[in-house]
Amino acid sequence: MFWARYTFAHEDGPGADRLGDLEELLGDDLDDEEDQNPDDTALDVEFDVGGGHRLLLTVDSQVDSYSLGIAAPDSADTAELGWDDLAHWHPYALRWVELDLICRAVAALDPQFRHPGAPLALLCRFAAVFEDDDVDGALAAVDAAYASLRPQQWDGYWPCGADWLERADFRGQNVVWQRDQAGNLWARQEDDHEADFYSTRVEPAAGTDHFPHARLRALLSAAAATLKTSVA
């Protein structure tokens with residue numbers, strides 16, 4: 001039932017038409033949760049890319065809330081990259097090539113992970129694709145990530161790459177990416193679009209730290225260094 005909750009299929013999200021008998025079980029599960037203590041239901045999952053740089057995924061399926069943070073080796077705090085819920089979501093924090101790099105670095109450092117595998121399946125909700133991405137390659141990778149986690153002989157609901165792409169495909173939606181002199185990559189959405197691109201990864205403003213651009217640049221550099229070392 002985890003994946004049906006995590007992907008919002010239980011709330012008529014992509015893949016809801018494949019829930020089958022699981023839909024009734026999900027309803028019973030929600031009824032049981034109403035009687036539970038809502039405190040301390042969140043679970044943190046850490047993804048280390050090397051050099052002390054980490055992504056932190058906070059999963060709270062009881063309230064359908066998932067957030068992505070970034071931690072740096074020189075700071076004790078975690079900065080928020082994005083979040084996904086059923087109210088005011090702003091999940092799109094990463095470009096596809098960035099997510100792919102991160103997941104490869106995680107797999108290079110930890111033998112229990114593979115790529116594509118669990119890191120990509122969990123983190124893909126925070127990435128979107130655009131006209132300059134290899135969308136077919138991304139779709140195949142996400143599909144393989146989900147498939148790698150599917151129990152043998154399981155024939156019930158399971159997420160697939162097409163479910164992810166239904167929410168993550170922003171081709172033709174007038175999202176324009178720009179890079180400033182500091183190396184920050186950020187997006188803006190122009191008029192004449194059908195789907196709204198909800199992201200806090202916007203133009204850095206002087207004196208503000210709304211999106212941790214510098215931390216993300218450092219994390220991506222660390223991930224690239226990890227991969228370079230692993231193949232040396």
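FYI, it's all coordinate maths here, none of it is from the lab. Keep in mind it's a predicted model, so treat the numbers as computed, not measured. Cβ sites come from the backbone with ideal geometry, for glycine too, and all protein chains shown count toward neighbours.
Descriptive notes on the structure:
- Of all residues making up region 114-157, the number that are surrounded by fewer than 19 Cβ atoms within 10 Å (Cβ to Cβ), not in a helix (DSSP H, G or I) and not acidic (Asp, Glu): 7
- Filtered residues of region 42-70 (kept if small (Gly, Ala, Ser), closer than 19 Å to residue 110 by Cα and surrounded by fewer than 19 Cβ atoms within 10 Å (Cβ to Cβ)): 51, 52
- Checking region 102-112 against the condition returns no match, with no residue being over 25 Å from residue 229 (Cβ atoms) and part of a helix (DSSP H, G or I).
- Qualifying residues in region 157-187 (those that are aromatic (Phe, Trp, Tyr) and within 20 Å of residue 11 (Cα to Cα)) - the one nearest to the chain's Cα centre (by Cα): 164
- The residues of region 158-189 that are surrounded by 10 or more Cβ atoms within 10 Å (Cβ to Cβ), in a loop (DSSP other than H, G, I, E, B) and of a type outside the set (Gly, Ala, Ser), listed by number, are 158, 159, 160, 170, 171, 173, 174, 180, 184.
- One residue stands out among those in region 72-89 that are in contact (Cβ under 8 Å) with a residue 60 or more places away in the chain and in contact with a Ser or Thr (Cβ under 7 Å, 6 or more places away or on another chain): the one that is farthest from residue 5 (Cα to Cα), which is 80.
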